[in-house]
1. Among (1) within 16 Å of DNA strand C (Cβ to nearest atom); (2) open to solvent by less than 80 Å² (accessible area, probe 1.4 Å), there is one condition B:Q74 misses while meeting the rest; what is its number?
2. Could you give me the residue pairs with C-beta distances under 6 Å whose first residue belongs to the stretch B:71-100 and is closer than 20 Å to B:L31 by Cβ and within 11 Å of chain A (Cβ to nearest Cβ), whose second residue is within 13 Å of DNA strand C (Cβ to nearest atom) and not in a strand (DSSP E or B) wherever it lies, and which are 6+ apart or on separate chains?
3. Regarding the stretch B:43-55, can at least one residue be identified that is surrounded by 14 or more Cβ atoms within 10 Å (Cβ to Cβ), outside any helix (DSSP H, G or I) and more than 7 Å from chain A (Cβ to nearest Cβ)?
4. Among the residues of the stretch B:77-100, write down those that are near DNA strand C (Cβ under 8 Å from one of its atoms), of a type in the set (D, E, K, R) and either open to solvent by less than 30 Å² (accessible area, probe 1.4 Å) or over 15 Å from the mean Cα position of the chain (by Cα) (or both).
5. What tally of residues in the stretch A:1-24 results from selecting those that are assigned to a helix (DSSP H, G or I), at the interface with chain B (Cβ under 8 Å from one of its Cβ atoms) and open to solvent by less than 70 Å² (accessible area, probe 1.4 Å)?
6. Could you grab me the full set of residues in the stretch A:30-42 that are facing another protein chain (nearest Cβ under 7 Å) and either touching a residue at least 12 places away in the same chain (Cβ under 8 Å) or crowded, with 23+ Cβ neighbours inside 10 Å (or both)?
7. Taking the condition of being in a helix (DSSP H, G or I) and either open to solvent by 40 Å² or more (accessible area, probe 1.4 Å) or free of Cβ contacts under 8 Å to residues at least 24 places away in the same chain (or both), how many residues in the stretch A:103-118 meet it?
8. Quick check on my filter: what residues within the stretch A:59-70 are assigned to a helix (DSSP H, G or I), within 10 Å of DNA strand C (Cβ to nearest atom) and open to solvent by 30 Å² or more (accessible area, probe 1.4 Å)?
Number of protein chains: 2
Amino acid sequence: MNTCIRVFADSIQISRCREDLKNKEESFLELADVLNLAGNAVRLKILYLLKQENELCPCDLSDILGMTVPAVSQHLKKLKDAGIVTTKKSGQTIFYSVEEQSQRIISSVLDLFNLPNTIPAL
Amino acid sequence: MNTCIRVFADSIQISRCREDLKNKEESFLELADVLNLAGNAVRLKILYLLKQENELCPCDLSDILGMTVPAVSQHLKKLKDAGIVTTKKSGQTIFYSVEEQSQRIISSVLDLFNLPNTIPAL
DNA sequence: ATAGTATTTAAGCAATTGCTTAAACAAAGG
DNA sequence: CCTTTGTTTAAGCAATTGCTTAAATACTAT
C-alpha cells in the first residue's frame, strides 16, 4: 500500500501546513496563473516590451519578436483573457498595453530580472 | 503575403526594441524558466512550504499536498534539476530545501503573494 | 463595390505536461 | 538474509501548449 505516513513524521507540522494551504488555496491558484503566463519567454518579452514602450500593436510585436502575427496574437489573447493586458483601437490598428491594475505585479515580476544571477543551474 | 510591416510603424522603435531584446535574450530564457517552474500551483506550494518549514521530505509533502508520492517526487526533480532546491540525506529520508543561491529569487516570487489583489480577471 | 491592411480565429499537429500505476532502488532493522 | 520504509524511475496516457497555414473578420481608402 501507499501509506507513506512516515514513522518519524511531525503530524502537528503536517496539519498546520495543510491548514495553511487550505486558507491560501485561492491565492496560490491566482499567482500560479500569472507566473505561468509570464513563464514563457515570448510572453515575458511581450510584457517587458509593453511596459517599456507603453503600447504596441500585434504587427510591431511580431516584427520585434521575429515571429508570425497569429503566433503573437494567440499569446496576446491569453494575456488579455487573464486581464493582464488591455487594448485600445486606433483605426485598424489595435494597441496593447499592460492593464493598469496589473502593472504592479507585472513590474514586480520584471524586476526579478535585476536580481544578481541567482539560479545556479542556469 | 504576410508582410505586416505597418505603414505607420516606427521603424526606429522597432529596431531599438529588437536590439534590446537581443542583448537580454539569455536573461529572458533564464527568468522564464524559473517563472514557468513556479507557475504551477503544486510547485508553487512546494516552494512556499520549503521556505516556510525550512525543509521537508517527499513523503510529508505528499501528505500535506494530498497527492501521491511519485507525483510530488517528479515535481521535486524538476526543481532540483533547475538548481532551485537541494537535498540532504538523513537515514532513508531525503530532506528538500530551497537552494541557498535561489532563496532570494524564490522569496521575491513568493512575495508577489502580498501584493494587493491586482489581477482583475481572477 | 473593391482592394489592401491589421487582426483574429480555426484546424491541424508535434511536443510537452502532469498525473497514474507498477516496478526498481536504497537504507534500516529484525 | 528478508522485510519494511522512503524514494525514484519508467511506461502509459489524456490534456495542454505553441506553433503552422489558411480562412474569416474588420477597418480604410481608392
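1. (2)
2. B:A82/B:L37; B:V85/B:L79
3. yes
4. Pass one, the stretch B:77-100, residues near DNA strand C (Cβ under 8 Å from one of its atoms): B:78, B:89-92.
Next, from what is left, pick out any that are of a type in the set (D, E, K, R): B:78, B:89.
Scanning the stretch B:77-100 gives a single hit, B:K89.
5. Within the stretch A:1-24, residues that are assigned to a helix (DSSP H, G or I), at the interface with chain B (Cβ under 8 Å from one of its Cβ atoms) and open to solvent by less than 70 Å² (accessible area, probe 1.4 Å) number 5.
6. So the first thing to find is which residues in the stretch A:30-42 are facing another protein chain (nearest Cβ under 7 Å), and the list is A:30-36, A:38-41.
Passing the criteria: A:L31, A:D33, A:V34, A:L35, A:A38, A:N40.
7. Initially, the stretch A:103-118 is screened for residues in a helix (DSSP H, G or I), giving A:103-114.
From what's left, either open to solvent by 40 Å² or more (accessible area, probe 1.4 Å) or free of Cβ contacts under 8 Å to residues at least 24 places away in the same chain (or both): A:103-104, A:108, A:111-114.
Of the residues in that region, 7 qualify.
8. Just the residues of the stretch A:59-70 that are assigned to a helix (DSSP H, G or I), to begin with: A:59-65, A:69-70.
Remaining after also requiring within 10 Å of DNA strand C (Cβ to nearest atom): A:59-63, A:69-70.
Those that are assigned to a helix (DSSP H, G or I), within 10 Å of DNA strand C (Cβ to nearest atom) and open to solvent by 30 Å² or more (accessible area, probe 1.4 Å): A:D63, A:V69, A:P70.
The values are calculated or read from the model by the stated rules, or taken from the named source; none is laboratory data. The shown structure was predicted, so the numbers you read here are calculated from the model rather than taken from an experiment. Positions of Cβ are generated from backbone atoms using ideal geometry, with glycine treated the same way; all protein chains shown enter the neighbour counts. Side chains included, ligands, DNA and RNA excluded: accessible areas come from the protein's heavy atoms. Shrake-Rupley method; radii C 1.70, N 1.55, O 1.52, S 1.80 Å.
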